[in-house]
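Working notes for the structure below.
The values are calculated or read from the model by the stated rules, or taken from the named source; none is laboratory data. Bear in mind that the values here come from a model prediction, so they are computed numbers and not experimental data. Heavy atoms of the whole protein, side chains included, go into the accessibility calculation; ligands, DNA and RNA do not. Shrake-Rupley method; radii C 1.70, N 1.55, O 1.52, S 1.80 Å.
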Amino acid sequence: LWVIKDGPSEVLPGEVCTYTVSYGNRGNATATEVYLSDQFPDQMQSVVKNDSGYILVRQVLTNHGTWTLGDVSPGTHSFALSIRIRADASPGTVTNTIKIDCTGTETDYNNNNATATTQIPLPDIDLWVTKEGPAEVLPGEVCTYTVSYGNRGNATATGVYLSDQFPDQMQSVVR
């Protein structure tokens, strides 16, 4: 038996992290009473998708999950597993380890564990603003400016406000 787990290199707090779990039997006989055991990361909030075709039994207190696969004949299988990262997850490394095992005799235990590591980056807020308007305006005419703004960062900016110092020559602001 063997298992591999791949995931994204980076995920932001509150986002979904999708892993690809591949497993199989390289032997020449059917492995019996096979199970996958996953120690989910502390940063995990919930399982969003499990397309393994098997029921995932998750112990919430220990954040541990198990799939009972039953008999696995020689061959390769894979599925997607998506978990939501907690919105309050701190920056750092998310480590997710999975194990495959069975009640029968196993010939190579070296490939029965797999770990995927994903980084939660430091929040990056990159606010920007532009203001465009006419080069000239005559006294008494309406002068229209276009203000555009946004956040190029990877985190939500809160408490953001725009302020503008109008020239003394301006009379009033019309919306």
| said: Rolling a 1.4 angstrom probe over the protein chains, ignoring ligands and nucleic acids, what is the accessible area of residue 10 in square angstrom, nearest 10? | reply: 110 Å²
| request: Would you check the accessible area of residue 152, probe 1.4 Å, heavy atoms only, in square angstrom rounded to 10? | output: 150 Å²
| request: Mind checking the full-extension length gain between residue 76 and residue 143? Use 0.36 nm per residue of separation minus the Cα-Cα distance, one decimal, nm. | output: 17.3 nm
| field | Relative contact order of the chain, defined on C-alpha pairs under 8 angstrom at six or more residues apart (%) | value | 26 percent
| message | Which of 102, 143, 17 ends up with the largest GNM mean-square fluctuation for the chain, with Cα atoms connected below 10 Å? | response | 143
| remark: For residue 15, other-chain or 5+-apart residues with amide H closer than 5 Å (H placed, Pro excluded) are 85
| message | With a 1.4 Å probe and all protein chains kept in place, how do 61, 127, 1 rank by accessible area, largest first? | response | 61, 127, 1
| task | Normalise the Cα radius of gyration of the chain by 2.2 N^0.38 Å (N = residues in it) and let me know the number. | result | 1.71
| Sorted by accessible area (1.4 Å probe), largest first, how do 106, 33, 136 line up? | 136, 33, 106
| query | So what is the accessible area of the chain per residue, in Å², with the probe set to 1.4 Å? | reply | 65 Å²
| By how many nm would the segment from residue 51 to residue 37 lengthen if fully extended, with 0.36 nm per residue of separation less the alpha-carbon distance? | 3.5 nm
| query | Largest first, how would 66, 115 line up by accessible area (1.4 Å probe)? | reply | 115, 66
| task | For residue 172, tell me the accessible area in Å² from a 1.4 Å probe, rounded to the nearest 10. | result | 80 Å²
| Solvent-accessible area, 1.4 Å probe, carbon plus sulfur percent, for the chain | 49 percent
